[in-house]
1. Taking region 33-53 on its own, how many of its residues are in a loop (DSSP other than H, G, I, E, B) and in contact with a strand residue (DSSP E or B) (Cβ under 8 Å, 6 or more places away or on another chain)?
2. Which residue is nearest to Pro59 (Cα to Cα), if the candidates are limited to region 83-108 and must be in a loop (DSSP other than H, G, I, E, B) and aliphatic (A, V, I, L, M)?
3. Here are the criteria: (1) surrounded by 16 or more Cβ atoms within 10 Å (Cβ to Cβ); (2) under 27 Å from Phe109 (Cα atoms). Tell me which single one Val47 does not satisfy.
4. Return the pair list, or none, for Cβ contacts closer than 6 Å from residues in region 23-34 that are over 15 Å from Arg45 (Cβ atoms) to residues that are of a type in the set (D, E, K, R), at least 6 apart or on different chains.
Amino acid sequence: LSANWLGIGIIDQLINDRVSFEIVAWHWFSDMGPDPVAIPLATERGVPAEFDGQIFNLPAHFTKQGKRFWVTETNLTNGSLNGLERQQADYLRHMLEVVKATDDISGFFYYRLTDGVENAGKSAWGLYETSKTADGSTLNYDHPKEAYQVYKDFLKIEHQARPVPFDLQPTNR
């Protein structure tokens, strides 16, 4: 199942109703908070007063209920738009450190590989800056951004440290 902030209660209800699924897939962008592991709860975000000021660990919430938790999209909210290339790389670095340090997150997907010309002027999410040729017929991969090198370095280090077998077989939960 894939969700965002509005989905916590619904997913909890599906679990309580014994609906069969194995993975909770979550999109986490910087405007939601620094990361899904240490979310500060606040009444101004609609949290009941008795929880104000507490810290909520979203992945742990679902893994305690027997579900795997994946971050399926993450990025600085508008990527590197308006010259925020360094901030985009820093945010990715932070998220990768959180994923590495958190046993409750078992999958990670970055959004997205290229900027995509369809979002020009609205976002720049890619690891690679792109443009179209003058006639619009071909996509140019102009140059890798700082976030590309962060991701590349992380994958190289992690693969050398512990190669992970890839298994798509469902579990019996």
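1. Total satisfying the criteria: 6.
2. From region 83-108, those in a loop (DSSP other than H, G, I, E, B) are 83-84, 102-106; that's our starting set.
Remaining after also requiring aliphatic (A, V, I, L, M): 84, 105.
Values: Leu84: 28, Ile105: 6 Å.
Ranking the qualifying residues of region 83-108, first place goes to Ile105.
3. In the conditions (1) surrounded by 16 or more Cβ atoms within 10 Å (Cβ to Cβ); (2) under 27 Å from Phe109 (Cα atoms), Val47 misses (2) alone.
4. Pairs that qualify, where the first residue is over 15 Å from Arg45 (Cβ atoms) and the partner is of a type in the set (D, E, K, R), are Ile23/Arg68; Val24/Lys67; His27/Glu73.
Each row is one residue, and each column tells you yes or no for (1) outside any helix (DSSP H, G or I); (2) exposed (fewer than 15 other Cβ atoms within 10 Å of the Cβ); (3) of a type in the set (Lys, Arg).
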| position | (1), (2), (3) |
| --- | --- |
| Ile15 | no, no, no |
| Arg18 | yes, yes, yes |
| His27 | yes, no, no |
| Asp31 | no, yes, no |
| Pro59 | no, no, no |
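No lab work stands behind these numbers, since they all come straight from the coordinates. These figures come from a predicted structure and were not determined experimentally. Positions of Cβ are generated from backbone atoms using ideal geometry, with glycine treated the same way; all protein chains shown enter the neighbour counts.
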